[in-house]
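Participant: Right, I'll just put the structure down here and ask away after.
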Amino acid sequence: LIEADAVQKYSALHIVGMVGSIDNDFCGTDMTIGTDSALHRIIEVVDAIMTTAQSYLALVSALACGADWVLIPEMPPEDGWEEKMCEKLSAVTQSDFYNFQMKRTITVF
């Protein structure tokens, strides 16, 4: 039971309500609590998916066209790859450049 003096002392109850909704569907507010963090998380996930998708598309495209080199973040090239690529490009002499180009192109993604 609540004593009489406590009832008298705390007779008014002041309540403040905070609307929390990730949907941001409460009128009269710019942004409800939860919306910003939900949107932030969505952007993080979309960024992660985009990075993976870009690497996947680069890899599949390279395989489809027979690329000699594929550079993707998940598998960084070994040290000295630049020299190896230059050697490969230098191996094509001026005399057979046209024939080489007609057969196959060195592609880098």
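Participant: Could you say whether any residue in segment 30-49 is modelled with pLDDT under 80, open to solvent by less than 90 Å² (accessible area, probe 1.4 Å) and among the polar types (S, T, N, Q)? Working first, answer last.
Facilitator: Narrowing segment 30-49 to residues modelled with pLDDT under 80: none.
No, segment 30-49 has no match at all.
Participant: So, one more: Name every residue in segment 19-29 that is among the aliphatic types (A, V, I, L, M) and at pLDDT below 80, in order of residue number.
Facilitator: 19
Participant: Find the residue count for segment 72-86, including only residues that are over 15 Å from residue 57 (Cβ atoms), under 26 Å from the mean Cα position of the chain (by Cα) and open to solvent by less than 90 Å² (accessible area, probe 1.4 Å).
Facilitator: 1
Participant: Pick out the one residue from 51, 32 that is over 30 Å from residue 76 (Cα atoms) and of a type in the set (S, T, N, Q). Talk me through it step by step, then tell me what you get.
Facilitator: Numbers: 51 fails: over 30 Å from residue 76 (Cα atoms).
Sole residue among the options that is over 30 Å from residue 76 (Cα atoms) and of a type in the set (S, T, N, Q): 32.
The values are calculated or read from the model by the stated rules, or taken from the named source; none is laboratory data. The structure displayed is predicted, hence computed values, not measured ones. We place every Cβ from the backbone using ideal geometry, glycine too, and count neighbours over all the protein chains shown. Surface accessibility is based on the protein's heavy atoms, side chains included, excluding ligands, DNA and RNA. Shrake-Rupley method; radii C 1.70, N 1.55, O 1.52, S 1.80 Å.
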